[in-house]
2 protein chains.
Amino acid sequence: MTDKDLPFSQAEYDRRLSKTRAAMAAAGIDLLFVTDPSNQAWLTAYDGWSFYVHQGVLVPMEGEPIWWGRKMDMFGGRRTCWMADEYIVGYGDHFVQSTERHPMQDLAARIREMGFGSARIGVEMENYYYSAKAHAVLTAELPKAVFTDATALVNWQRLVKSDEEIAFVRKAARISEKIIETSIARAAPGLRKNDLVADIFHAAITGVDDIWGDYPAIVPLTPSGLDATAAHLTWNGAPMREGEATFFEISGCYRRYHAPLCRTVFLGTPPQEMLDAEKAQLEGIAAGLEAARAGNRTCDIANAFIGAL
Amino acid sequence: MTDKDLPFSQAEYDRRLSKTRAAMAAAGIDLLFVTDPSNQAWLTAYDGWSFYVHQGVLVPMEGEPIWWGRKMDMFGGRRTCWMADEYIVGYGDHFVQSTERHPMQDLAARIREMGFGSARIGVEMENYYYSAKAHAVLTAELPKAVFTDATALVNWQRLVKSDEEIAFVRKAARISEKIIETSIARAAPGLRKNDLVADIFHAAITGVDDIWGDYPAIVPLTPSGLDATAAHLTWNGAPMREGEATFFEISGCYRRYHAPLCRTVFLGTPPQEMLDAEKAQLEGIAAGLEAARAGNRTCDIANAFIGAL
């Protein structure tokens, strides 16, 4: 493959791998198995809608990481990962949703072949897609290995963003701004909520200029009225109403990088208590932003925000 | 709450619960813990974008099922589940992403209080969102319980659709048709793929007449050219090109019910081998449809399709 379109430089991937290996060494891990799709993408650039089957990245202390998944998805791995094709491996479809076989049997065999059958293996115990069954099979197949919970080990390495990553987040933020502008411009009494959400999706995926929109990890959350007292409800076909507030929780996404943004839209004249709440909220945000500086902890920001409230 | 907008009749939910309990009895399960979001919705009508935290449905052999999740999401549970408010329970935010506590400790305490501390408990071992850690904590907290793998137990009950459900699938199919019509009408050399996908999302969420579009469980998969040889790649901002085929894998969704549909669009005059492949494919589909009748198994359909190829 000569026409790969990697999001980041090789130096950036090398940096990520070095950071991860330092954390592995500190945790006493010889081989890390990464299932979190975001962590997989961060380490290898893998980008496919294939996380509904077992897949992951094996990170030994030396050499290239290995992307492992369903054989069908190896082609996507070869098109998106920075590693050479031989580091993209897969299991056959007879393992998929079988009641007799499990993909972790294939992974265990590979781990043994790599010489890690008795190694200290880190797994993300608390992560979607590393199921209870996956862990049960993998540990049974590798009885001599010592398993360590490596939940969030890679996530912590991702915390401080590189300049290349910040450029991506800024692009995502441009899309988020466009989504919120679209939401405010379109919201009106009588408009069906799903028609508003259709415009939100359209703005999010169209993006801004050459900043094309990727799918965000969250659908637009846009509850109105009483529904807005409930977190995480999605939309329906009911019309927006005069005298009702709608809470927008959205994010633009550029090549898997997000910049989430929340806004409340009130159709009509808001009651005084809502205006008072807005004022307090704005003061809190200002205080929080003031505290958001290098050296402070996130609790300092939270305390500044809550203190102002 | 008097303004619930339940998708189905109470008779339908009663039917589902009865079927599930018959399967539990056959499997020797006293208490079922359901984590699959689709299974939760099927049993209780719960519909929230909250599956990134631990949540689930407890099904005892008698009485109402219990929806359990993050306290913040109880409000969404009360707005969407058919059960009375007292059957919606939640754990505090000090359990969320804690390194000291785990939500399964809260669940285990509830199970003990319900008198199921020594019961035979069914869990979906192979399901997203029932993590290796969740299982480790739950089993450690309930040492006297006997755990059974109930993976797909509820899914099998969902297989034969009721008339109420078929009406939903037909509505979803109307949306799928609209999406494919939009895709074919819009696809053209020079059009950026993300702009096409923006129109697809818009069509999917706008829906058809009063059939408003819900978010599908799959994003539009629309790979072109070489990318179409790789399953499950999503879009980018590159323009569509003359002489290239694009594979559309999409689904409309109406209130969590889907009707997936695939089509290939070729821009320009397809080469003869592609036309030959189309002809064979159409013959295979016709043979498969012929075999798709009550009494036949899915393998009969697959064999009819492959036989024609």
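The values are calculated or read from the model by the stated rules, or taken from the named source; none is laboratory data. Being a predicted model, the structure only gives us computed values, none of them experimental. We place every Cβ from the backbone using ideal geometry, glycine too, and count neighbours over all the protein chains shown. Keep in mind that these areas ignore ligands, DNA and RNA; they rest on the heavy atoms of the full protein, side chains included. Shrake-Rupley method; radii C 1.70, N 1.55, O 1.52, S 1.80 Å.
Within segment A:146-157, residues that are in contact (Cβ under 8 Å) with a residue 60 or more places away in the chain and more than 9 Å from chain B (Cβ to nearest Cβ) reach no partner that is among the β-branched types (Val, Ile, Thr) and open to solvent by 50 Å² or more (accessible area, probe 1.4 Å) with beta carbons closer than 9 Å at six or more positions or on different chains.
Selection of segment A:203-255 for residues being basic (Lys, Arg) and either in contact with a Leu (Cβ under 8 Å, 6 or more places away or on another chain) or closer than 18 Å to residue B:47 by Cα (or both) yields only A:241. Just a yes or no: is a residue in segment A:239-252 free of Cβ contacts under 8 Å to residues at least 60 places away in the same chain, away from chain B (no Cβ under 12 Å), charged (D, E, K, R) and in contact with a helix residue (DSSP H, G or I) (Cβ under 8 Å, 6 or more places away or on another chain)? Taking every residue of segment A:239-252 in turn, at least one turns out to be free of Cβ contacts under 8 Å to residues at least 60 places away in the same chain, away from chain B (no Cβ under 12 Å), charged (D, E, K, R) and in contact with a helix residue (DSSP H, G or I) (Cβ under 8 Å, 6 or more places away or on another chain). Among the residues in segment A:56-79, are any within 22 Å of residue A:11 (Cα to Cα), more than 14 Å from chain B (Cβ to nearest Cβ), surrounded by fewer than 22 Cβ atoms within 10 Å (Cβ to Cβ) and touching a residue at least 60 places away in the same chain (Cβ under 8 Å)? For segment A:56-79, residues within 22 Å of residue A:11 (Cα to Cα), more than 14 Å from chain B (Cβ to nearest Cβ), surrounded by fewer than 22 Cβ atoms within 10 Å (Cβ to Cβ) and touching a residue at least 60 places away in the same chain (Cβ under 8 Å): absent. Residue B:209 meets the conditions (1) open to solvent by 30 Å² or more (accessible area, probe 1.4 Å); (2) of a type outside the set (Val, Ile, Thr); (3) facing chain A (nearest Cβ under 8 Å) in every case but one. The failed one is (3). For the structure I just gave you, tell me whether residue B:234 is more than 9 Å from every other protein chain (Cβ to nearest Cβ) and crowded, with 18+ Cβ neighbours inside 10 Å. No. Filter segment B:93-121 down to residues that are within 14 Å of chain A (Cβ to nearest Cβ) and part of a loop (DSSP other than H, G, I, E, B) and give me whichever is surrounded by the most Cβ atoms within 10 Å (Cβ to Cβ). Residue satisfying both the conditions and the ranking: B:102.
When the residues of segment A:1-22 are filtered to those that are more than 14 Å from chain B (Cβ to nearest Cβ) and free of Cβ contacts under 8 Å to residues at least 40 places away in the same chain, which remaining residue is farthest from residue A:167 (Cα to Cα)?
From segment A:1-22, those more than 14 Å from chain B (Cβ to nearest Cβ) are A:8-22; that's our starting set.
Right, trim to free of Cβ contacts under 8 Å to residues at least 40 places away in the same chain and you get A:11, A:14, A:18, A:22.
Numbers: A:11: 16, A:14: 18, A:18: 22, A:22: 26 Å.
Restricting to residues being more than 14 Å from chain B (Cβ to nearest Cβ) and free of Cβ contacts under 8 Å to residues at least 40 places away in the same chain, the top hit is A:22.
Of all the numbered requirements in (1) within 12 Å of residue B:253 (Cβ to Cβ); (2) at the interface with chain A (Cβ under 8 Å from one of its Cβ atoms); (3) among the hydrophobic types (A, V, I, L, M, F, W, C), residue B:175 misses one, and that requirement is (2).
The helices (runs of 4 or more DSSP H) falling completely within segment A:124-197 that include 1 or more residues that are of a type in the set (A, V, I, L, M) and within 30 Å of residue B:202 (Cα to Cα) map to A:163-186.
Just checking, does segment A:284-298 include any residue being within 14 Å of another protein chain (Cβ to nearest Cβ), surrounded by 14 or more Cβ atoms within 10 Å (Cβ to Cβ) and either without any contact (Cβ under 8 Å) to a residue 12 or more places away in the chain or at negative phi (or both)?
So the first thing to find is which residues in segment A:284-298 are within 14 Å of another protein chain (Cβ to nearest Cβ), and the list is A:298.
From what is left, the residues that are surrounded by 14 or more Cβ atoms within 10 Å (Cβ to Cβ) are none.
Checking segment A:284-298: not a single residue is within 14 Å of another protein chain (Cβ to nearest Cβ), surrounded by 14 or more Cβ atoms within 10 Å (Cβ to Cβ) and either without any contact (Cβ under 8 Å) to a residue 12 or more places away in the chain or at negative phi (or both).
Listed conditions (1) more than 12 Å from chain A (Cβ to nearest Cβ); (2) within 24 Å of the chain's Cα centre (by Cα); (3) hydrophobic (A, V, I, L, M, F, W, C) are all met by residue B:25, apart from (2). Pull up segment B:26-48, narrow it to residues that are over 20 Å from residue B:62 (Cβ atoms) and in a helix (DSSP H, G or I), then point me to the one that is most open to solvent (accessible area, probe 1.4 Å). This residue is B:38. For segment A:256-278, name all the residues that are more than 18 Å from residue A:211 (Cα to Cα) and open to solvent by 50 Å² or more (accessible area, probe 1.4 Å). Result: A:262, A:263, A:264, A:269, A:271, A:272, A:273, A:274, A:275, A:276, A:277, A:278.
Restricted to segment A:178-206, and to residues that are in contact (Cβ under 8 Å) with a residue 40 or more places away in the chain and crowded, with 21+ Cβ neighbours inside 10 Å, which residue is nearest to the other protein chains (Cβ to nearest Cβ)? Among them, the one singled out is A:194.
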